[in-house]
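Novice: Below is the structure I would like to discuss, written out as structure tokens.
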Amino acid sequence: MKQLFTLLLAFVTVGTFAQKNFQGKATYMSKTTVDMSSWGSRMNSMSEAQKKQIAARMKSMLEKTFILSFDKTASIYKEDEKLSAPGASGGMRFGGMTGGGTKYKNTKDLVALEATEFFGKNFLISDTMEMPQWELGSETKKIGEYVCYKATLTKDVDATDWRNMRRRNREDDKKKDEAKKDSTETVKVTEDIEIPKKITVTAWYTPQIPVSNGPGEYWGLPGLILEINEGRTTILCTEIVLNPSEKIEITKPTKGDEVTRKEYVSIITKKMEEMRQNFRSRGRGRGRF
């Protein structure tokens, strides 16, 4: 009886993905942790009310919900502001998976686009899609009802992605430097802040959903990616709906000035430096393009 059930389940699964108009929708929860101790004396000088206010603001920035709508080859990934932490939709947004834009991927045509806004200006960013060099592992775990396999990847860090910023010259960094001279190269942002040039990403994917896709920029595995661990950020799939009753529209974004990822990073870096200089001179720091 058990063998018969397994066989029937296999037929149902194959039939689901063999459908010409197969579609799916996956909900992901993204969470980034921040070491508040790195704030040092600044944090100690604040009142408890101020600390709670900052913690609430950080929570709204660092805990978000995203929806990945996908078919066999294409996907749209964007924030679901209705399900994100209260207040998360407001404020300034930066590059990386926590941005407020819409990310489009087509793994067949190798097209990747991101429509996003920065300081009131709309951009349409194009990325080069090259097959990610994942290292497949044999370790497994279950996420919900799906059996997932582990894969790792080393990638360059987006210089505008503030989630990977860390305080320089901290005591634990000094210990690492003394032990192994810290082989990880970093980019200096300010006198106190730096960003590593490379980071190791761990993915968990399920062959039970045989689409080469995943949250944000991630793809290239023999199954849907249900979890990503990237530095201090974890992205976890909390719900999957296959062939939803309401048809999903997966179309390329078209709104915004067309730029490459390199050009966009240059624009953001220049703007942030302008803000830093304005702040130093006690200006407002919010100029125009």
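The values are calculated or read from the model by the stated rules, or taken from the named source; none is laboratory data. It should be emphasised that the depicted structure is a prediction, and the values quoted were computed from it without experimental measurement. For neighbour counting, all protein chains shown are included, and Cβ atoms are generated from backbone atoms with ideal geometry for every residue, glycine included.
Novice: What is the number of the single condition among (1) crowded, with 16+ Cβ neighbours inside 10 Å; (2) aliphatic (A, V, I, L, M); (3) within 23 Å of residue 271 (Cα to Cα); (4) modelled with pLDDT of 65 or more that residue 97 does not meet?
Specialist: In the conditions (1) crowded, with 16+ Cβ neighbours inside 10 Å; (2) aliphatic (A, V, I, L, M); (3) within 23 Å of residue 271 (Cα to Cα); (4) modelled with pLDDT of 65 or more, residue 97 misses (4) alone.
Novice: Hey, can you tell me all the residues within region 100-114 that are assigned to a strand (DSSP E or B), more than 17 Å from the chain's Cα centre (by Cα) and either among the acidic types (Asp, Glu) or within 15 Å of residue 249 (Cβ to Cβ) (or both)? Step through it out loud before you land on a result.
Specialist: Step one: of region 100-114, the residues assigned to a strand (DSSP E or B) are 102-106, 111-114.
Checking which are more than 17 Å from the chain's Cα centre (by Cα) leaves us with 106, 111.
The answer is 106, and nothing else.
Novice: Being of a type outside the set (Lys, Arg) and modelled with pLDDT under 65 narrows it down to one of 90, 120, so name that one.
Specialist: Criteria check complete, one pass: 90.
Novice: Could you tell me which residue of region 19-35 is modelled with the lowest pLDDT, considering only residues that are of a type in the set (A, V, I, L, M, F, W, C) and under 21 Å from residue 205 (Cα atoms)?
Specialist: The selected residue is 22.
Novice: Can you say whether residue 285 is modelled with pLDDT under 90 and not aromatic (Phe, Trp, Tyr), as far as the supplied structure shows?
Specialist: Details: modelled with pLDDT under 90: yes; not aromatic (Phe, Trp, Tyr): yes.
Judged against the criteria, residue 285 is a match.
Novice: Let me ask something else about it. Looking only at region 109-132, filter to residues that are of a type in the set (D, E, K, R) and more than 16 Å from residue 69 (Cβ to Cβ); which one of those is surrounded by the most Cβ atoms within 10 Å (Cβ to Cβ)?
Specialist: First pass over region 109-132, keeping only residues of a type in the set (D, E, K, R): 109, 114, 117, 121, 127, 130.
Then drop every residue that is not more than 16 Å from residue 69 (Cβ to Cβ), which leaves 109, 117, 121, 127, 130.
Values: 109: 10, 117: 14, 121: 13, 127: 18, 130: 8.
In this case the residue turns out to be 127.
Novice: Enumerate the strands (runs of 3 or more DSSP E) found wholly within region 194-257, keeping only those where 1 or more residues are hydrophobic (A, V, I, L, M, F, W, C), without any contact (Cβ under 8 Å) to a residue 24 or more places away in the chain and buried (at least 16 other Cβ atoms within 10 Å of the Cβ).
Specialist: 224-230
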